[in-house]
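The next block holds one structure in the form of C-alpha cells; read it before the comments.
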Amino acid sequence: MRPSERILVAYYLYTSVLACLLPLRGSVREVTLALNALILVGYGLLIWADSLRRREFLGTVRDWFPLPLLFMAYRQMGWFAPASHRFELERSWIVWDRLLLRQWRLREIIEVLGPVVPSILELCYLVVYATPGFCLAVLYLNRRRDRVDRFLVPFLFGVLLVYGQLVFWPSEPPRTVFPGEDAPTVDTLFRRVNWWLLGGYSIHTGVFPSAHVSAAFAASFAMKRALPERPTVGRYLMVYAVAIALATVYGRYHYAVDAAAGFVVALAVRVWMAIPALSGRRP
C-alpha cells in the first residue's frame, strides 16, 4: 500500500469513528459507515488487483483515485454539520476582517483597477478544485509518474488535516453570517459562478481553517518536493496560493483567520516533510 493510500484509509477510519461518537441526525451514521466500508473494500480490491497484475492501467487508476476520494471526504464532512450554533466564533473572527478591509482598505486596493483584479481573484478561487488534477498532469507530462506519491502525501495531509477538524469549529462564512457587510463592490461573472457553486455544493460544518488556502499552499509545497527540477511550477503555484488567500477574504468566503490557519496547516506539513526523523524518511 502506498503512503498516500494509508493516509486516505486512516482518514476514512477516522470519520467512521466520528460518525459513531457525534450526535448525528437521522440515518447519517449508518450511511457514513456503509459508505466508508464500501470505499475501503473497493480501495483494497484495487490495490490487490494491481499487486497481482501490475498493469499500467491499474497503476494509473491508483494515481488518480485519491482525487474523487478527496471530494467525497469534503462532502462527507458536511454530513456532520451541527443543527445550530451560536456564531460566537464568527463574531470574534470578524474583527480582523474589519481591520483589513476597512482600516487597511484591502478592498479598495483590490478594486483600484475596477473588475480586473477582482476577476482574477474570483477565477483563482473557482479553479482551485482542479489544482490536484493539474499537478498530477504536470508530473505525467514531465514523465515523472513515479513521483506521484511524493506530491500526494503532503498534499493529502494538508487538505485532510483541515477536513478532519472542521467539525470541532462549527462556523459559517461571513457572506451568510454578515450578509452584505464589507462585500465587494465589483460584481463579476466568476463571482456569480462561485456563489452558484457554493450555494449548491458547499458544506456547512465549518470554515476554519480554510481548506481552499491549505490546499493551494500544500500543492505549491508538494510540487516543489515532487518536481524540484522545475522550480517555476512551485513558484507559480505559490503566487496562485497567495491569490486564493486574498480571494477568500475579499470575496467574504472565509474570515482572515481561516486563511491564516489554512496556511499554517500547509506550512506545518511542509516543515514535517522536511525533517527526515519526523517524516520517517532517511536523511
| said: What whole-number distance in Å separates the alpha-carbon centres of the stretch 140-180 and the stretch 1-74? | reply: 16 Å
| said: Can you compute 3J(HN,Hα) from phi for each residue in the stretch 252-258, using the Karplus curve 6.51 cos²θ - 1.76 cosθ + 1.60 with θ = phi - 60°, rounded to whole Hz and x for Gly and Pro? | reply: 6, 7, 9, 7, 4, 5, 5
| Calculated FRET efficiency, GLN165 and GLU229, Cβ-Cβ r, R0 35 Å, to nearest 0.05? | 0.50
| field | the stretch 117-183 shape via C-alpha gyration tensor axes, a/c threshold 1.5 | value | oblate
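As an exercise, identify the chymotrypsin sites (Phe, Trp or Tyr not before Pro) in the stretch 28-89 lying in DSSP coil whose Cβ has no more than 16 other Cβ atoms within 10 Å.
When the chymotrypsin sites (Phe, Trp or Tyr not before Pro) of the stretch 28-89 are filtered for loop state and at most 16 Cβ neighbours within 10 Å, PHE87 remain.
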| message | Quick check: pseudo-label points 7 Å beyond the Cα along Cα→Cβ at CYS20 and LEU38, how many nm apart are they? | response | 2.1 nm
| message | Which of the three applies to the chain, rounded, prolate or oblate, going by the alpha-carbon gyration tensor with a ≥ b ≥ c and a/c under 1.5 meaning rounded? | response | oblate
| field | Length-normalised contact order of the stretch 1-80 in % [C-alpha pairs under 8 Å, at least 6 apart] | value | 38 percent
| said: On a full-extension model of 0.36 nm per residue, what is the gain between GLU88 and ARG53, subtracting their alpha-carbon distance, rounded to one decimal in nm? | reply: 7.1 nm
| remark: The FRET efficiency for ASP187 and TYR236, from their Cβ-Cβ distance with R0 = 41 Å and rounded to 0.05, is 0.90
| query | Just LEU198, LEU126, LEU237 to compare: in a GNM of the chain, with alpha carbon springs under 10 Å, which one fluctuates most? | reply | LEU198
| task | Rank these for me by crowding, SER51, SER214, going from fewest to most other beta carbons within 10 Å. | result | SER51, SER214
| Using θ = phi - 60° and the Karplus curve 6.51 cos²θ - 1.76 cosθ + 1.60, what whole-Hz ³J(HN,Hα) does each residue of the stretch 122-132 get, with Gly and Pro shown as x? | 5, 5, 4, 5, 5, 8, 4, 5, 8, 4, x
| task | Assign one of three labels to the stretch 1-80, namely rounded, prolate or oblate, based on the Cα gyration tensor with a ≥ b ≥ c the square roots of its eigenvalues; rounded applies when a/c is under 1.5, prolate when it is not and a/b is larger than b/c, and oblate otherwise. | result | prolate
| field | Gain in span if fully extended, LEU141 to LEU198, counting 0.36 nm per residue against the direct Cα distance | value | 17.3 nm
| the stretch 85-279 - charge dipole about Cα centre, Lys and Arg +1 at Cβ, Asp and Glu -1, debye rounded to 20 | 620 debye
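Since every read-out is calculated from the coordinates, none of them should be taken as a lab result. Only a predicted model underlies this, so the values are computations on that prediction, with no experimental measurement involved. Glycine also receives a Cβ, built like all others from the backbone with ideal geometry; neighbour counts cover every protein chain displayed.
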